[in-house]
Each structure stands twice: as C-alpha cells, then as structure tokens.
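The structure under discussion appears below in the form of structure tokens.
The values are calculated or read from the model by the stated rules, or taken from the named source; none is laboratory data. These numbers were taken from a predicted model, which means no experiment stands behind them. Ideal geometry is used to build each Cβ from the backbone, glycine not excepted, and the neighbour counts take in all protein chains shown. Surface accessibility is based on the protein's heavy atoms, side chains included, excluding ligands, DNA and RNA. Shrake-Rupley method; radii C 1.70, N 1.55, O 1.52, S 1.80 Å.
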Amino acid sequence: QVQVVESGGGLVQPGGSLRLSCAASGSIFTFVYMGWYRQPPSKPRELVAIITSANRTNIADSVKGRFTISKDNAKNTVYLQMNNLKPEDTAVYYCLARAPQKENWGQGTQVTVSS
C-alpha cells in the first residue's frame with residue numbers, strides 16, 4: 001500500500017510564496033509520474049504540474065512562470081514551489097503518485113491566498 005502525504009499548505013497573502021511537499025512511500029522510481037492537482041471551491045479537480053520518472057514536466061498554463069515542480073529521488077519527495085500567488089490559486093492541493101497500475105492520492109492540503 002503506497003502512502004502519499006502532502007504538507008506545506010496554509011494561508012498566504014497575494015504575491016506571497018509557499019512550497020508544498022509530497023512524500024511517497026516506496027521508491028520514487030516505481031512511479032510513472034508524480035505531481036499536483038488542485039480543486040478550487042465548487043470547481044472540478046485540475047492539473048497543476050507533474051514530473052515524470054525521466055524528469056519531464058507538464059505545467060498548467062495558469063501557473064506557468066509562477067510555479068515550479070521538482071523532485072528529490074533520495075527522499076522520495078516531490079515539491080511544488082509556488083510564487084506570486086493569486087487569490088484564484090486558492091484550492092485544496094492533492095499529490096498524485098501514478099504507478100503503472102494504480103493512482104495513489106494524498107489527502108490534500110489547503111492553500112488559501114487572501115489579504
């Protein structure tokens with residue numbers, strides 16, 4: 001059973017920064033990709049950014065230039081650095097560790113951007 005645990009959410013003012021972390025049990029190399037999705041209030045879940053086992057990234061246009069995804073293979077951890085946050089970035093952020101046969105989701109972490 002893969003465990004996926006997110007951390008780093010919170011309340012931040014517009015223009016501020018946060019870094020989310022996602023730690024997955026087991027070797028990070030077993031995952032096809034890991035990444036972040038988010039679900040704003042009353043809206044469907046959407047892709048934010050993913051990073052593949054070959055270090056290729058896919059980042060949503062809405063956050064491109066502000067958010068960066070990276071990973072630390074030794075720590076089985078993926079990070080989402082979020083800069084210049086906007087109120088529309090407010091959402092529950094979920095980490096996904098995609099194995100060949102199964103999606104493994106974390107419980108989510110709340111990010112609120114408000115003055």
request  = Scan region 92-113 residue by residue and report those that are open to solvent by 60 Å² or more (accessible area, probe 1.4 Å) and in a loop (DSSP other than H, G, I, E, B).
outcome  = Pro100, Gln101, Gln107
query = Within region 21-42, is even one residue without any contact (Cβ under 8 Å) to a residue 12 or more places away in the chain and in a loop (DSSP other than H, G, I, E, B)?
reply = yes
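A quick yes/no check of all residues on (1) free of Cβ contacts under 8 Å to residues at least 60 places away in the same chain; (2) surrounded by fewer than 16 Cβ atoms within 10 Å (Cβ to Cβ):
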{"position": "Asn58", "(1), (2)": "yes, yes"}
{"position": "Asn76", "(1), (2)": "yes, no"}
{"position": "Tyr79", "(1), (2)": "no, no"}
{"position": "Asn84", "(1), (2)": "no, yes"}
{"position": "Thr90", "(1), (2)": "yes, no"}
task = Could you tell me whether Lys71 is open to solvent by 60 Å² or more (accessible area, probe 1.4 Å) and of a type in the set (D, E, K, R)?
result = no
key: Complete set of residues in region 36-56 that are surrounded by 15 or more Cβ atoms within 10 Å (Cβ to Cβ) and at pLDDT 95 or above   = Trp36, Tyr37, Arg38, Arg45, Leu47, Val48, Ala49, Ile50, Ile51
